[in-house]
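Enquirer: One structure is given below, represented as structure tokens, and several questions about it will come after.
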Amino acid sequence: MKIPTSSILLIILSLLSCTGNQNEWIDMFNGKDLAGWKASESPASFRVEEGALVCSGNRGHLYYNETKPFKNFELVAEIKTLPLANSGIYFHTAFQETDFPALGYEVQVNNTHIGADNYRETKKTGSLYAVRNVHYQMVKDGEWFTMRVKVVENHVEVFVNDHKVVDYIQPDNPWRSEEHKGRLLGSGTFALQAHDEKSTVYYKSIKVKRLPDGEKLPLAVDEEWETAIARLMDTGFPLVDYHVHLKGGLTLEEVKANSLKLGINYGLAPNCGLKFPVTDDASLAAYMDTVKGQPIFRGMQAEGREWITLFSPDAIAKFDYVFTDAMTFTDYKGRRNRIWIKDEVWIDDKQQFMDDLVAKIEAIFSQEPVDIYVNPTVLPDALMPEHEQLWTKERMARVIKVLADNNIALEINARYKTPGIEMIKMAKEAGIKFTFGTNNTGRELGRLEYCLRMIEECGLTPDDIFIPEPHEKKPVLVKGLPKKITG
């Protein structure tokens, strides 16, 4: 049967009306006033200045006043923060008169926020707040950047300046604490946050488009891992592997993909020292160019004791953090030991070797301007079977004292499974901060299994975990570089 042309046109028009404006961008902010928005709690915290929507003042939320809820969507906003600012974009939420929105998710906007009691908010710009936390700072205060949020069914993606920082797939029955039981995908509106009177954030060119229904994605990880991560993220626990090397074929793209899949943040560290890939300020600058703007922490592994003579303080301070170990040292007979190489270790007497090692640890960490002691308590292969006996409580106490005296963090190393429970508990009691590290030799990074076990067995909390210092507090700028290591 032949269908009349007029009927075909009617069918096409009907289909177009059903799809609505799914492929069209909607300007949520007109650049002139707050038309289309409704403020809660503190209306005076929201205003328009020079074409930008300003969130500044007492806590409050500005809700997008749209009657048709948003389910699948893509939102793009241009944002600028001032120092100490804290804000966020909520989605799948609903208007409420007071308090933080109970429904939906928040995408965090925070680069340098410091709260009450000098608390530094560790969940940085781009975080899917307390679900997939981003701990590295992607953008600077005072500079406009672009945030993009895309949601399709159970899949949330967040981009900062086109770098994907969150790729979250919500399980069918996700773990949520009682306090955050409404932190789920569904549908709803959007809200912008004014956090406190010290916080000022500018938004402009806020646009959204509705997306069609899609298919739910399967989990990229097992449910046991997803639940473990959900519990850690809910408490704000900074889950960062600061000790990753691009070795054994591992690429930066693989590191980023692993981070998005597992929810672990990573710090990449080149080996910097004599006869290593980075040997001076020029090669250091060249390395920095390769990781500029990437969604990772930038670490420096200071190799040997000569490193302090090879780099300038300003060059070193470009790294987010610096770590070193005591695996390279000169013993009492003047022999250079590299204890991970069998043929470069001299053990005339076990106790003498241990005394030399502990003394060297004290010398290194009392003088070198570093943030973290990594590969802690590792011994040559010949001595590792006697690790617990050789690392006496007295020796551990000496190491803990020098770390505490010099504000240096202690790595919990997933590869070597060091230090042990006793030393971790002693260090916690002394107020030392902890980091997690893999120190990989190949492409496999694992899941920080030993580190996660130590969190449970040693009762570690988010307050026990190291976060890199702001630039002006970098150890190399505060302490300076010694001319040589004595002792």
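Enquirer: So how do 260, 274, 357 rank on accessible area, 1.4 Å probe, biggest first, that is with the largest at the start?
Expert: Result of the area sort, largest leading: 274, 260, 357.
Enquirer: In the chain, if the dipole is taken from +1 on Lys/Arg beta carbons and -1 on Asp/Glu beta carbons about the Cα centre, which of 435, 307, 75 is farthest to the positive end?
Expert: Among 435, 307, 75, the one farthest towards the positive end of the dipole of the chain is 75.
Enquirer: Taking only Cα atoms, what is the 0 to 90° angle, nearest 10, from helix 223-234's long axis to the longest principal axis of the chain?
Expert: 90 degrees
Enquirer: For a quick check of understanding: with a 1.4 angstrom probe and all protein chains in place, what accessible area in square angstrom does residue 373 have, to the nearest ten?
Expert: Estimated to the nearest 10 Å², residue 373 gives 0 Å².
Enquirer: Normalised by the residues of region 47-142, what does the relative contact order come to in percent, with Cα pairs under 8 Å and at least six apart?
Expert: So the answer I get is 22 percent.
Enquirer: Filter the chymotrypsin sites (Phe, Trp or Tyr not before Pro) in region 81-189 down to the DSSP loop ones having no more than 12 other Cβ atoms within 10 Å, then list what survives. Walk me through the intermediate numbers first.
Expert: On the way: sites: 90, 91, 95, 105, 119, 129, 136, 144, 145, 159, 168, 175; in loops: 95, 119, 129, 136, 144, 175.
In loop regions of region 81-189 (DSSP not H, G, I, E or B), the sparsely surrounded chymotrypsin sites (Phe, Trp or Tyr not before Pro) are 119.
Enquirer: Another question about this same structure. Set the Förster distance to 35 Å, then compute FRET efficiency between residue 294 and residue 461 from the Cβ-Cβ distance, nearest 0.05.
Expert: On the way: r = 29 Å, r/R0 = 0.84.
Once the sixth-power term is evaluated, E becomes 0.75.
Enquirer: Please state the relative contact order of region 386-439 as a whole percent: Cα pairs under 8 Å, 6+ residues apart?
Expert: 42 percent
Enquirer: Nearest 0.05, what FRET efficiency do residue 140 and residue 285 give at R0 = 25 Å with Cβ-Cβ as r?
Expert: 0.85
Enquirer: So, in Å, what gap is there between the alpha-carbon centers of region 103-153 and region 298-315?
Expert: Taking the Cα centre of each part, region 103-153 and region 298-315 sit 31 Å apart.
Enquirer: If we count every other residue with Cβ under 9 angstrom of residue 176's Cβ, Lys/Arg +1 and Asp/Glu -1, where does the sum land?
Expert: -1
Enquirer: Then there is this: Compute the long axis of helix 449-458 from its Cα atoms, compare it with the longest principal axis of the Cα atoms of the chain, and write down the angle in degrees, 0 to 90, nearest 10.
Expert: 80 degrees
Enquirer: Tally Lys/Arg at +1 and Asp/Glu at -1 over every other residue whose Cβ is under 14 Å from the Cβ of residue 457; what's the total?
Expert: Computed value for this residue: 0.
Enquirer: Given +1 on the Cβ of Lys and Arg, -1 on the Cβ of Asp and Glu, and no further charges, what dipole in debye does the chain carry about its Cα centre, rounded to the nearest 20? Intermediate results must be reported in sequence, preceding the final value.
Expert: On the way: 58 positive and 69 negative charges, 152 e Å.
So the magnitude is around 720 debye.
Enquirer: At 7 Å along the Cα-to-beta-carbon direction for both residue 58 and residue 173, put a label point, then send me their distance in nm to one decimal.
Expert: Taking the simple label geometry, residue 58 and residue 173 are separated by 4.3 nm.
Enquirer: A follow-up question, please. Label region 369-444 by shape, choosing from rounded, prolate and oblate, from the square roots a ≥ b ≥ c of the eigenvalues of the Cα gyration tensor; if a/c is under 1.5 it is rounded, and otherwise prolate applies when a/b is larger than b/c, oblate when it is not. All intermediate terms of the calculation are to be shown ahead of the outcome.
Expert: Values: a/c = 1.96, a/b = 1.16, b/c = 1.69.
Note, shape of region 369-444 comes out oblate.
Enquirer: Okay, moving on. Taking the alpha carbon gyration tensor of region 344-487, what are the square roots of 5 times its eigenvalues, largest first, to the nearest whole Å?
Expert: Sorted largest first and rounded, they come to 23, 21, 15 Å.
Enquirer: Taking square-rooted eigenvalues a ≥ b ≥ c of the alpha carbon gyration tensor, is region 30-184 rounded, prolate or oblate, where a/c under 1.5 means rounded and, failing that, a/b exceeding b/c means prolate?
Expert: rounded
Enquirer: Taking the Cβ of residue 436 as the center, what net charge do the other residues with Cβ under 10 Å away carry, scoring Lys and Arg +1 and Asp and Glu -1?
Expert: Result for the neighbourhood of residue 436: -2.
Enquirer: Counting other Cβ atoms within 10 Å, which GluC sites (Glu not before Pro) in region 82-182 have at most 11 and lie in a DSSP loop?
Expert: 97, 143, 178, 179
Enquirer: Within 10 Å of each candidate Cβ there may be at most 10 other Cβ atoms; applying that plus a DSSP loop requirement, which trypsin sites (Lys or Arg not before Pro) in region 268-358 survive?
Expert: The qualifying sites are 275, 292, 333.
Enquirer: What angle, in degrees between 0 and 90 and rounded to the nearest 10, separates the Cα long axis of helix 281-291 from the longest principal axis of the Cα atoms of the chain?
Expert: Taking Cα atoms only, the helix is inclined about 30 degrees.
Enquirer: Full-extension gain between residue 180 and residue 336, please, as 0.36 nm times their residue separation minus the C-alpha to C-alpha distance.
Expert: Contour length minus Cα-Cα distance gives 50.7 nm.
Enquirer: Relative contact order, percent, of the chain when contacts are C-alpha pairs under 8 Å separated by at least 6 residues?
Expert: Relative contact order of the chain: 14 percent.
Enquirer: Moving to a separate point now. For region 98-188, what does the alpha-carbon gyration tensor say about shape, rounded, prolate or oblate, given a ≥ b ≥ c as the root eigenvalues, a/c under 1.5 as rounded, and a/b over b/c as prolate? Don't skip to the end; give the middle numbers.
Expert: On the way: a/c = 2.06, a/b = 1.26, b/c = 1.64.
Oblate, since a/c reaches 1.5 and b/c is not below a/b.
Enquirer: What is the extension gain from residue 471 to residue 397, computed as 0.36 nm multiplied by their sequence separation minus the C-alpha to C-alpha distance, in nm to one decimal? Each step should come with its number before you reach the end.
Expert: Working: separation 74, 0.36 × 74 = 26.64 nm, distance 3.05 nm.
Computed gain between residue 471 and residue 397 is 23.6 nm.
Enquirer: Hey, another quick one. Which translational diffusion coefficient, to the nearest whole µm²/s, is obtained for the chain from the Stokes-Einstein equation, given a Kirkwood hydrodynamic radius over C-alpha pairs, 25 °C and 0.890 mPa s?
Expert: 99 µm²/s
The values are calculated or read from the model by the stated rules, or taken from the named source; none is laboratory data. Everything numeric in this text was worked out from a predicted model, so none of it was measured. Backbone-built Cβ (ideal geometry, glycine too); neighbour counts: all protein chains shown. Remember, those area values only see protein heavy atoms, side chains included, never the ligands or the DNA or RNA. Shrake-Rupley method; radii C 1.70, N 1.55, O 1.52, S 1.80 Å.
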